[in-house]
Amino acid sequence: MTAKVGALAMAVLLAVYVALVGWRAVQFLGTGEPVAIGIGIALLVLPIIAVWAIWRELAFGMRSQALVKRLEAEGGTDLGIEMRESGRADRASADAEFARFRADAEADPDSWRAWLRLGMAYDAAGDRRRARTAVRRAIELERAG
């Protein structure tokens with residue numbers, strides 16, 4: 001729940017930032033000076049890129065969370081990885097189980113469930129970049145199927 005509150009707070013702050021910077025950009029554009037016009041254009045383009053990037057991350061989070069809930073409802077989220085007292089996955093246990101999830105994804109490359117479990121295993125093993133790639137693949141497969 002705190003992640004959702006954090007994401008909402010960031011979205012609100014971004015909206016305030018975009019409004020303030022947008023107003024300043026209009027002021028720069030209105031001067032008629034070439035350098036000020038260049039700054040005004042940059043001030044318009046950069047927030048648009050920021051909004052796109054944040055929207056992309058929020059959409060990824062919502063879609064991946066929906067898939068995890070769906071997999072959980074099917075009873076498929078138990079990876080068999082030992083957990084620490086803190087609730088985080090034991091990295092050694094995740095590394096030991098990882099080959100099984102990779103083999104499942106390779107055996108059934110069109111299964112969003114296999115790719116999502118692979119992403120969860122990557123995350124448990126601490127490889128966030130590959131986890132995101134696998135989860136993105138799961139989202140693509142689920143949307144296509």
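Every read-out reported here was derived from the displayed coordinates using simple, explicitly stated rules and does not represent laboratory data. No experiment lies behind these values; they were computed from the predicted model shown. Virtual Cβ from ideal backbone geometry, glycine too; neighbours counted across all protein chains shown.
Brief remarks follow.
- Considering residues of the stretch 79-102 that are free of Cβ contacts under 8 Å to residues at least 24 places away in the same chain and among the hydrophobic types (A, V, I, L, M, F, W, C) only, the residue surrounded by the most Cβ atoms within 10 Å (Cβ to Cβ): Phe101
- One residue from Gly38, Gly76 being touching a helix residue (DSSP H, G or I) at 6+ places or on another chain (Cβ under 8 Å) and surrounded by 11 or more Cβ atoms within 10 Å (Cβ to Cβ): Gly76
- Residue match in the stretch 127-140 (condition: touching a Ser or Thr at 6+ places or on another chain (Cβ under 6 Å) and within 25 Å of Arg56 (Cβ to Cβ)): yes
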